[in-house]
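Chemist: My questions all concern the structure below.
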Amino acid sequence: MSQFIQQVILGLLLGGVYVAVALGFSLVWGILNIVNLAHGALVIVGAYITWLLFTRWHIDPFITLPVDALALFVIGYALQRGVINRLIRAPLLFTFLLTFGINLVIVSLLLLIFTGDFRSVTPSYSGSGLELGSVTIPYIRVAGLTVALVLAGILWAILNRTRTGAAILAVGADRDAAQLVGVDLRHMYALTFAIGAAFAGVAGGIITTFQSIAPTAGDPYTLQAFAVVILGGLGRVSATVVGGLAFGLIEVLGQSAPGLSSGYANAIAFVVLVVVLVVRPRGLLGRLA
Amino acid sequence: MSLLALRDLGKRFGGVNALTDVSFAVDQGDVLGIIGPNGAGKTTLLNCISGLYTPDTGDIRWEAASIRGLAPYRIARLGIGRTFQIVRPFPSMTVRENTAMGALFGRPGARLQPGAALKEADTVLDVVGLGEKRNYPVLRLTVPDRKRLEVARGLAMRPRLLLLDEVMAGLNQVEVELALEMVRRVRDSGVTIVLIEHVMKVIVGVCSRALVLNFGRTLVEGPPADVLKDPRVIEAYLGQRYARDQEPPPYPPPQAGEGNEK
Amino acid sequence: MRRATVAIATVGLAYMILAPLTSIDAAQQAGLPLLTDKVWFRIATTVAMFVVLASAWNIVGGLTGYASFGNIAFFGLGAYTVGVLVGIRNWPFGLALLIAPLVAALFALMVGVPLLRLRGHYFAVATLGVGVATGEVVNNLGPLGASTGLYLPIVRSDLLFFYLMLVAAALAVLTTWVILRTRFGYGLLAIRENEEAAAVIGVNTNFYKVAAFCIAAALSGIAGGIFAQWNSFINQELVFAVSDNVQMILMAVIGGAGTVLGPVAGAVVLELIIQTLAGGGSGSVYSQIGLGVLLAVCVIFIPRGVIDFFGGRSRLSLRYLRETLRETSA
């Protein structure tokens, strides 16, 4: 029984990571209708920035998170404004291919700069955890989950409590109408993508605390972010939170099932994806249509 | 036996009852006009008949056999064609090819080959008045012509019943007259028609019967002239003031002498 | 422009078919100049392989409008079918090659029925998931060689595999050509242009979509089967690579999606560029960067594909580029 409880706790903690990863992805998809296949790459860029700061100047990974956010914000803004904006009104296939191409370029650049070796970040407290009877709750994971929930709160606040957020939601609802009331579309697109990228960067920073990173380590996260958004539903921050936590649970409980190992991460994501799409396309909390 | 019969048809979307207890019958040769305020459920009704939606309650019968729940392509092949309110042509094909698609796929029984279908298209295009533009790419057509194309594609299926969804929307007076002529030609060729319209001239001009939908329910059914004068209908469209206080409605009711004349 | 292109293409095709014959011993003894070498065969066979893959993708993505990101799974399954039958069970290659497309098509039937109910983004990523997950499952199955991969008995004949792949390519192109001339083809186009309208005029959309999917799968499976024996070794990385899937899409798109010869043009042009960038090793980082940039440039500037230029409809000019940009930019 305690084994099961341990699994559930680990699942929720892992879910925190997925929430962090999926928030930016969900924002960009919901507002801009772009499924960003380079999202995982942006996450990994954030991870590398954290790694650099930790390795060179011994800065605690959680302190580097704002730096990740800022750096990725700038990169994201430039990317959208300079490149992706050129295809925003093209058929979906093309934005897909474009973001895939961007993914290729980013991952290859990372390979050139950092080589394919795995890097890790190991702060002094990484091994310890809270002991509750026979159940261990690693501190690092709790911190990760906390950051993720804080991020969700920040995103919610931005979207629902600021003028900029209102403009973003307007663009997502009806871009023509938004333009008519004075919203600068190109800037808003870039801003939305930049915010999404910033969140991805922070997620990357969190990731370094419990896994080692390599340039290609971001790819699985893209597919998983997609599965989280499908599972939770598009359109609300709470949907992404629920989707992320649920997905973390499914993955941990699924992998402990007999016969399956961690090599099946992508397969599990895919199965969840298809089941949800066939049974309840709008996800757990998504809005109808 | 009626050609098409609906009985207690119901359709919900989430909490909204789009259609409730809708019942009526269409006989061979009829031209039934369906009118009603926006949001009354008219297009939903057509979508149920053509199979794009499955009704939640009730039944739809085609010559006594139930077609409820059938896939759209099966319903098409039974001889039921339809047009869309916002036209849906195939942009990469010419007018002729678009029309031929109806003949290629929609004929009950017959399995035409592309060559034969194109020939069939030529005949149909003359009926709707697009003969001279047969090789135009669709994107070159004006809105009224695109509506004709939609009808042509439906006609190429050699349907026994044709469902027309607001064919007149967006047309000016002259264009409405021409389109009305086209609908009369279709009727005279033996096709039974159910049409949704807001343009009352069409209802009195070609329909043998009219049915009024309001909030998803049938309100009144009968000869067009009677239906349009019915106070309940006036109230539904224009509000109680006109119905109750007998103020003359903005739209003049049909005078004696107007009616199903050419 | 058009006549020149046709002339060049015909000469090129003749060259591709006849040049390899100069490598036969009999031809050498007769004093014919050797027009081909190992590198020539490797590149030419790879080009032919991508012609098959791009054409197959085109049937589902270009003609029917369902952009699949998982067609690589069919290639991989075809490869593993041959790998298992020949490498483990010692079946004759010819027989195994006949089974490969059947396995791929059957798989397409299984996943196609649920997946083809999805549209746009959802379909694209769901198929991406198929591609990735299938590779992952295969990679974990012991009897299939797991992560070490599968070895097949080595058959040394550049000539044989080139011609086999060339025949597969011809088959793929011919299939597309035939489809576009039949009722089936018109039905696919209708589905692409307006699926609801297609349904109400009598197109059995579910059946047509699944059929197209299975045909594409069978063709991809053949290519995979040939590859397995040609390379004598297969593993997840080689035959379930998502980047290959993107490559086949890119080829079909920059060649001209929805046309018969578009994928051919795209495959030839793109593969030659990739081989040049790679300078020998196809996995090099610079070739990946080059591919990524090329991808971005192509989808932004020539979304309708280069076939637009060869058909005489448009000319590659600054004005064309500017208009294309205006259509799709913010």
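The values are calculated or read from the model by the stated rules, or taken from the named source; none is laboratory data. Keep in mind the model is a prediction, meaning the values are calculated, not measured. Neighbour counts are summed over all protein chains in view; Cβ atoms, including those assigned to glycine, are modelled from backbone coordinates with ideal geometry.
Chemist: Determine which single condition B:Lys229 fails, assuming it passes every other condition in (1) modelled with pLDDT of 90 or more; (2) farther than 24 Å from B:Ile86 by Cβ.
Modeler: Status for B:Lys229: all satisfied but (1).
Chemist: What's the number of the condition B:Val143 fails, among (1) closer than 26 Å to C:Phe184 by Cβ; (2) away from chain C (no Cβ under 13 Å)?
Modeler: So the condition that B:Val143 fails would be (1).
Chemist: Suppose the filter is of a type outside the set (D, E, K, R), surrounded by fewer than 16 Cβ atoms within 10 Å (Cβ to Cβ) and under 21 Å from A:Val21 (Cβ atoms); does A:Val121 pass it?
Modeler: When the stated conditions are applied, A:Val121 does not pass them.
Chemist: Just to be sure I understand, how many residues within the range A:77-98 are in a helix (DSSP H, G or I) and within 7 Å of chain C (Cβ to nearest Cβ)?
Modeler: 9
Chemist: Is at least one residue of the range B:46-63 farther than 24 Å from B:Ala156 by Cα and at pLDDT below 90?
Modeler: No, the conditions are met nowhere in the range B:46-63.
Chemist: Among the residues of the range B:119-137, which ones are surrounded by fewer than 20 Cβ atoms within 10 Å (Cβ to Cβ) and within 14 Å of chain C (Cβ to nearest Cβ)?
Modeler: Selection gives B:Pro137 alone.
Chemist: A:Gly243: assigned to a helix (DSSP H, G or I), more than 14 Å from chain C (Cβ to nearest Cβ) and touching an Asp or Glu at 6+ places or on another chain (Cβ under 8 Å), yes or no?
Modeler: No: the conditions fail for A:Gly243.
Chemist: From the list C:Phe41, C:Phe69, C:Phe50, which one is crowded, with 23+ Cβ neighbours inside 10 Å and in contact with an Asp or Glu (Cβ under 8 Å, 6 or more places away or on another chain)?
Modeler: One residue alone meets the criteria, C:Phe50.
Chemist: Criterion first (more than 14 Å from chain A (Cβ to nearest Cβ) and within 15 Å of C:Gly221 (Cβ to Cβ)) does C:Ser68 satisfy it?
Modeler: It is false that C:Ser68 is more than 14 Å from chain A (Cβ to nearest Cβ) and within 15 Å of C:Gly221 (Cβ to Cβ).
Listed here are the residues, each with its yes/no results for (1) crowded, with 19+ Cβ neighbours inside 10 Å; (2) of a type in the set (Ser, Thr, Tyr); (3) away from every other protein chain (no Cβ under 12 Å).
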residue	(1), (2), (3)
B:Gly41	yes, no, yes
B:Leu46	yes, no, no
B:Ser50	yes, yes, no
B:Thr54	no, yes, yes
B:Ala65	no, no, yes
B:Ala76	yes, no, no
B:Met93	no, no, no
B:Arg96	yes, no, yes
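Chemist: Ok, one more. Considering only helices (runs of 4 or more DSSP H) fully contained in the range B:34-134, which possess at least 2 residues that are in contact with a helix residue (DSSP H, G or I) (Cβ under 8 Å, 6 or more places away or on another chain) and without any contact (Cβ under 8 Å) to a residue 24 or more places away in the chain?
Modeler: Filter on the range B:34-134 gives B:114-128.
Chemist: Among the numbered criteria (1) surrounded by fewer than 21 Cβ atoms within 10 Å (Cβ to Cβ); (2) more than 9 Å from chain C (Cβ to nearest Cβ); (3) at pLDDT below 95; (4) at negative phi, which one does A:Val74 miss?
Modeler: For A:Val74, the failing item is (3).
Chemist: Take the range B:12-33 and flag every residue that is free of Cβ contacts under 8 Å to residues at least 24 places away in the same chain and in contact with a strand residue (DSSP E or B) (Cβ under 9 Å, 6 or more places away or on another chain).
Modeler: B:Ala25 - this is the single residue of the range B:12-33 that is free of Cβ contacts under 8 Å to residues at least 24 places away in the same chain and in contact with a strand residue (DSSP E or B) (Cβ under 9 Å, 6 or more places away or on another chain).
Chemist: Which of the residues that make up the range C:1-35 are part of a helix (DSSP H, G or I) and surrounded by fewer than 10 Cβ atoms within 10 Å (Cβ to Cβ)?
Modeler: Listed by number, the residues that qualify are C:Arg3, C:Ala4, C:Asp25, C:Ala26, C:Gln29.
Chemist: Taking A:Val183, is it more than 20 Å from the chain's Cα centre (by Cα) and farther than 23 Å from A:Ala22 by Cβ?
Modeler: yes
Every residue, every condition in (1) under 16 Å from the mean Cα position of the chain (by Cα); (2) more than 14 Å from A:Ala197 (Cβ to Cβ), yes or no:
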{"site": "A:Val35", "(1), (2)": "yes, yes"}
{"site": "A:Val43", "(1), (2)": "yes, no"}
{"site": "A:Ala47", "(1), (2)": "yes, no"}
{"site": "A:Arg56", "(1), (2)": "no, yes"}
{"site": "A:Phe73", "(1), (2)": "yes, no"}
{"site": "A:Gly76", "(1), (2)": "yes, no"}
{"site": "A:Ile84", "(1), (2)": "no, no"}
{"site": "A:Asn103", "(1), (2)": "yes, no"}
{"site": "A:Val107", "(1), (2)": "no, yes"}
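Chemist: Sticking with this structure for a sec: Kindly provide the set of residues from the range C:187-203 that are outside any helix (DSSP H, G or I) and more than 15 Å from C:Arg119 (Cα to Cα), ordered by number.
Modeler: C:Ile201, C:Gly202, C:Val203
Chemist: Please go through the range B:159-169 and give me each residue that is more than 17 Å from B:Ile196 (Cα to Cα) and either away from chain C (no Cβ under 11 Å) or assigned to a strand (DSSP E or B) (or both), ordered by number.
Modeler: Within the range B:159-169, B:Arg160 is the sole residue that qualifies.
Chemist: Within the range A:155-173, track down each residue that is free of Cβ contacts under 8 Å to residues at least 60 places away in the same chain and in contact with a Leu (Cβ under 9 Å, 6 or more places away or on another chain).
Modeler: Selection gives A:Asn160, A:Thr164, A:Gly165, A:Ala166, A:Ala167.
Chemist: Going by the conditions given, is C:Val242 of a type outside the set (Gly, Ala, Ser) and over 16 Å from C:Thr5 (Cβ atoms)?
Modeler: yes
Chemist: Among the residues of the range C:266-276, write down those that are crowded, with 22+ Cβ neighbours inside 10 Å and modelled with pLDDT of 90 or more.
Modeler: C:Gly266, C:Ala267
Chemist: Would you call A:Val252 surrounded by 19 or more Cβ atoms within 10 Å (Cβ to Cβ), away from chain C (no Cβ under 13 Å), assigned to a helix (DSSP H, G or I) and more than 17 Å from the chain's Cα centre (by Cα)?
Modeler: Judged against the criteria, A:Val252 is a match.
Chemist: Let me ask something additional. With the condition kept exactly as written, say whether any residue in the range C:218-229 is among the hydroxyl-bearing types (Ser, Thr, Tyr), closer than 30 Å to C:Asn90 by Cα and assigned to a helix (DSSP H, G or I).
Modeler: yes
Chemist: Can you tell me which residues in the range C:314-330 are modelled with pLDDT of 80 or more and touching a helix residue (DSSP H, G or I) at 6+ places or on another chain (Cβ under 7 Å)?
Modeler: C:Leu321, C:Thr324, C:Leu325, C:Thr328, C:Ser329
Chemist: Now for a separate question. Which one of A:Val183, A:Val202 is of a type in the set (A, V, I, L, M, F, W, C) and at pLDDT below 90?
Modeler: Result: A:Val183 is the single residue among A:Val183, A:Val202 that is of a type in the set (A, V, I, L, M, F, W, C) and at pLDDT below 90.
Chemist: Tell me which residues, restricted to the range A:273-289, are at the interface with another protein chain (Cβ under 9 Å from one of its Cβ atoms) and either more than 14 Å from A:Ile230 (Cα to Cα) or modelled with pLDDT of 75 or more (or both).
Modeler: The answer is A:Leu273, A:Val274, A:Leu277, A:Val278, A:Pro281.
Chemist: Take the range C:167-201 and flag every residue that is buried (at least 21 other Cβ atoms within 10 Å of the Cβ) and either away from chain B (no Cβ under 14 Å) or among the small types (Gly, Ala, Ser) (or both).
Modeler: C:Ala168, C:Ala169, C:Ala172, C:Thr176, C:Gly187, C:Ala190, C:Ala197, C:Ala198, C:Ala199
Chemist: Which one is nearest to the other protein chains (Cβ to nearest Cβ) among residues in the range C:202-227 that are of a type in the set (Val, Ile, Thr) and buried (at least 24 other Cβ atoms within 10 Å of the Cβ)?
Modeler: C:Val203
Chemist: Follow-up. How about the range A:118-140: which of its residues are among the charged types (D, E, K, R) and under 23 Å from the mean Cα position of the chain (by Cα)?
Modeler: A:Arg119
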